[in-house]
1. Computed FRET efficiency, Cβ-Cβ of Met152 and Arg105, R0 30 Å: what is it to the nearest 0.05?
2. List the cysteines of the chain that have no other Cys Cβ closer than 4.7 Å: which are they?
3. Please give the per residue accessible area of the range 68-151, computed with a probe of 1.4 Å over protein heavy atoms only, in Å².
4. For the chain, what is the calculated [θ] at 222 nm in deg cm²/dmol (nearest 500), taking -39500 (n - 2.57) for each run of four or more DSSP H residues and dividing by its residue count?
5. If we sort 105-114, 173-182 on the protection proxy, mean other Cβ atoms within 10 Å, highest first, what's the order?
6. With a/c under 1.5 counting as rounded, go ahead and sort the range 117-240 into rounded, prolate or oblate using the C-alpha gyration tensor (a ≥ b ≥ c being the square roots of the eigenvalues; past the cut-off, prolate if a/b is larger than b/c, else oblate).
7. How many percent of DSSP beta bridges within the chain run antiparallel, rounded to 5?
8. May I ask you to order 214-222, 93-101, 63-71 by the average number of other C-beta atoms within 10 Å around their residues, highest value first?
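The values are calculated or read from the model by the stated rules, or taken from the named source; none is laboratory data. All figures in this text were calculated on a predicted structure; none of them were measured in a lab. Cβ coordinates were reconstructed from backbone atoms using ideal geometry, including for glycine residues, and neighbour counts include every protein chain displayed. Ligands, DNA and RNA are stripped out before the accessible areas are found, and what is left, the full protein with its side chains, is counted by its heavy atoms. Shrake-Rupley method; radii C 1.70, N 1.55, O 1.52, S 1.80 Å.
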Amino acid sequence: AWINLVETRYPEVIPMVSTAKSPTGMVCAVIKRFFAKEINKQPSDLFVVGVMPCTAKKFEAARDQLKFNGEPECNISITTREVAELFYAQNLKFSVEREAENRQRGLGKFDEPFAQSSGAAYIFGRTGGVAESVVRFVASQSKKVSKVTSKMIWELPDKSQSIILREFTADEVNYKAVVCHGGCAVDELMKIYKAGMLEVDCVEVMMCPQGCQNGGGQPKLNKKSLILERVKGLNLHDYDNEIKNCIQNEQMLDYIQQHMPKAHDIHEALHTYYQNRK
Ligand code: SF4
């Protein structure tokens, strides 16, 4: 949704937006470009379905920029709420106990190379998680790192949306990141930017208040407190994960080395571009 907003309302910031595809965009690219080859199939033989917390992913799946040889990398994106409705229509129930049991038995994992993931990947689903992942990466490449400080720049009276400044020092270099979530917060952020007062190294924007775990395609929650329970759940997965940082994910590093040995290969498969649609 942020990319849609940038392209249609704030195209002047396109040069500053990361060209990295979204996480689902990267997974779908890997499936169509490399996994298809591994199982001796053509990309068009595979029908890739994204299951996402996000309604904007439906538009993303249809983007011309996310096609490989004319073939959409993601054929269709459905929301988690739609999946839940399909399951309920068939009287199939999710079971937390069964999931925990499967985890204990080492079952229910994704296929390689996606079986191993970092805690940083889990927290992408909540506000502040992407910026924190960047901080973890920078910290892992530095000898001396300070604590991260937080300063509230703006928030709605009910605290459901905010803009927070995070700062830390790594090897004597000071880094600033801004974390912003929710449509009203994004409006405020753009006012700050247009006033020339947004001098930071990294800006994380999530259009949905509290991030993707509260995305427009997620099962609706009656109580706001339950949204924070989802955040706790993601943090718990991060806490439980031995790997905290993407750079520690050896399975993925090997896969990248094998299939995308040159920077150009990574750029081709995992990056994209945007266009002014104002
Ligand atoms: S924050 Fe909302 S709009 Fe943005 S990717 Fe997540 S679910 Fe989609």
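1. E(calc), rounded to 0.05, equals 0.10.
2. Cys54, Cys180, Cys184, Cys202, Cys208, Cys212, Cys246
3. Per residue, the range 68-151 has 69 Å² of solvent-accessible surface.
4. -10500 deg cm²/dmol
5. Working: 105-114: 11.3, 173-182: 19.8.
Top to bottom by mean Cβ count within 10 Å: 173-182, 105-114.
6. Working: a/c = 2.33, a/b = 1.19, b/c = 1.95.
Since a/c reaches 1.5 but b/c is at least a/b, the shape of the range 117-240 is classed as oblate.
7. Bridges in the chain are about 70 percent antiparallel.
8. Result, highest mean first: 214-222, 63-71, 93-101.
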